[in-house]
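Read through the structure below, which is laid out as structure tokens, and then see the notes.
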Amino acid sequence: MAKAVAKQAQGPTGAQSIAHRAVADLVPYARNARTHSDAQVALIAGSIREFGFNNPVLVDGANGIIAGHGRVLAARKLGFDRVPVIELAHLSEAQKRAYILADNRLAEQAGWDKDLLGLELADLGEMGIDLGDLGFDGAELDALLNHGAGDPREEATPEPPADPVSRPSDLWVLGNHRLICGDATNSDDVSRLLGGVRPHLMVSDPP
């Protein structure tokens, strides 16, 4: 009984080894619902050019593509004759078709920790990595690199001291300038600050 449970937990055998096959021999799945724009294929090609073809194409026993349609399009764009593949011989026809959908859809369920992602992108940029090769567009990179930056003037507002130096109605005369510790909405404070001078213009924030 224990052996049967252990065997069940291990699941199907799955992929065994990596081989190399001609790009011209690989057959796209006719009902592949996943689309690849020219722009995305160009990004995949750029990634392969920079980092290598590190993610083998998954195929069935007849060289039908199960996963990796975009990588094959990129390989053709780059003029590759052969690409690494893994044959999934253990899948039934129904499982193969289901996995084509699952491989794409399950990856979409993951998210990003934007704080950590922004830090990683910033570090990579300082190390000379072209962030455009990572699949993020310019607007996304700007948002991520500035995520959580905020206004440094608002980051640390100190608590008022127990015995403040400045108190309401204190007035300083600084040459031709006058500064008061008061309330701009209080007419008495404004009159004291102006000292009888009628201003031509007053600029204030609301209210």
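Here L116 clears all of (1) surrounded by 13 or more Cβ atoms within 10 Å (Cβ to Cβ); (2) modelled with pLDDT of 90 or more; (3) within 15 Å of the chain's Cα centre (by Cα) except the condition numbered (1). Restricting attention to region 24-47, the residues that are in a loop (DSSP other than H, G, I, E, B) and closer than 27 Å to A62 by Cβ total 10.
In the set (1) under 18 Å from D103 (Cβ atoms); (2) modelled with pLDDT of 95 or more, V23 fails one condition alone, (1).
The one condition from (1) in contact with a helix residue (DSSP H, G or I) (Cβ under 7 Å, 6 or more places away or on another chain); (2) surrounded by fewer than 19 Cβ atoms within 10 Å (Cβ to Cβ); (3) farther than 15 Å from A24 by Cβ that A67 does not meet is (2).
Apart from one condition, D60 fits all of (1) within 30 Å of G138 (Cα to Cα); (2) in contact with an Asp or Glu (Cβ under 9 Å, 6 or more places away or on another chain); (3) of a type in the set (D, E, K, R); the exception is (1).
Got a sec? Which helices (runs of 4 or more DSSP H) wholly within region 92-207 have at least 1 residues that are under 30 Å from E50 (Cα atoms)?
By residue number, 93-108, 114-126, 138-145.
Do we find that R34 is surrounded by fewer than 16 Cβ atoms within 10 Å (Cβ to Cβ) and either of a type in the set (A, V, I, L, M) or in contact (Cβ under 8 Å) with a residue 40 or more places away in the chain (or both) in this structure? Yes.
The values are calculated or read from the model by the stated rules, or taken from the named source; none is laboratory data. The structure displayed is predicted, hence computed values, not measured ones. Ideal geometry is used to build each Cβ from the backbone, glycine not excepted, and the neighbour counts take in all protein chains shown.
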